[in-house]
1. Please tell me if residue 190 is over 13 Å from residue 85 (Cβ atoms), part of a helix (DSSP H, G or I), within 16 Å of the ligand (Cβ to nearest atom) and within 17 Å of the chain's Cα centre (by Cα).
2. Scan the helices (runs of 4 or more DSSP H) fully inside region 1-108 and keep the ones with 2 or more residues being in contact (Cβ under 8 Å) with a residue 24 or more places away in the chain and over 23 Å from residue 158 (Cα atoms).
3. Take the residues in region 196-210 that are surrounded by 12 or more Cβ atoms within 10 Å (Cβ to Cβ) and away from the ligand (no atom under 16 Å from the Cβ), then tell me which one is nearest to residue 152 (Cα to Cα).
4. When region 148-185 is examined, which residues are found to be within 16 Å of the ligand (Cβ to nearest atom), closer than 18 Å to residue 252 by Cβ and assigned to a loop (DSSP other than H, G, I, E, B)?
5. Give the residues of region 122-169 that are crowded, with 22+ Cβ neighbours inside 10 Å and farther than 29 Å from residue 184 by Cβ, sorted by residue number.
6. In the list 45, 99, which residue meets the criterion of being loosely packed, with under 13 Cβ neighbours inside 10 Å and away from the ligand (no atom under 14 Å from the Cβ)?
7. Out of region 121-134, which residues are away from the ligand (no atom under 16 Å from the Cβ) and either assigned to a loop (DSSP other than H, G, I, E, B) or more than 18 Å from the chain's Cα centre (by Cα) (or both)?
Ligand SMILES: [Zn+2]
């Protein structure tokens, strides 16, 4: 299988060792910013074929200075040839919610401008995008994708309102499920409803999970557990579910 979304540069241990013995044949390794993109590129160069890099700027962190963003866009343009996608990019749903909980004002404008520039880059380079866009932000991001005429969009670890789900399905956007599909009813409902041909499996590692994964370091092989849970929800055999999820990831990322 392929782990369709992992922060490989945040692992310190040898998570890449023996992956093939554990049935993992590929990783979509996303990046947080320029330093993270450089590290991801090194990992991809060390494990060609196994690690497929994506470069971008994650929205859930302080905004980059203008020069920093210019440098990132320039670096991505230079290194686009072996890049699987632009990502992780999107809108800061959680940072905004935390600011609201603290009673602080929030200005969304600069985050929208940042995403607009990153989507413009993806459109120019003709690459897919890896999106962090959940709940109310999904609708806004759909607007931006359509403005940029981007059709290859992967909303990773998606959760959101019904109207956004319907719009995303109409546009043929992909989503992916993490190990929380084993224990989150909201995610299980989405998994029953979203077209199986638009679904991938991911870990978002090293993000930690609960339920049966409590206390365990997140590992790419957990996509097998994701496949088993998804198979049960649809009545597929495990082998069939794994084959479908892998084929979807290969098709989406052009691997
Ligand atoms: Zn992520």
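The numbers here are math on the coordinates, done by the rules we state, and not lab data. These figures come from a predicted structure and were not determined experimentally. We place every Cβ from the backbone using ideal geometry, glycine too, and count neighbours over all the protein chains shown.
1. Numbers: over 13 Å from residue 85 (Cβ atoms): yes; part of a helix (DSSP H, G or I): yes; within 16 Å of the ligand (Cβ to nearest atom): no; within 17 Å of the chain's Cα centre (by Cα): yes.
Against the criterion (over 13 Å from residue 85 (Cβ atoms), part of a helix (DSSP H, G or I), within 16 Å of the ligand (Cβ to nearest atom) and within 17 Å of the chain's Cα centre (by Cα)), residue 190 does not qualify.
2. 34-46, 66-78
3. Filtering region 196-210 for residues surrounded by 12 or more Cβ atoms within 10 Å (Cβ to Cβ) gives 196, 198-210.
If we keep only those that are away from the ligand (no atom under 16 Å from the Cβ) as well, we get 196, 198-199, 210.
Values: 196: 16, 198: 11, 199: 13, 210: 31 Å.
That would be 198.
4. Selection gives 156, 157, 158, 178.
5. 122, 127
6. 45
7. 124, 125, 126, 127
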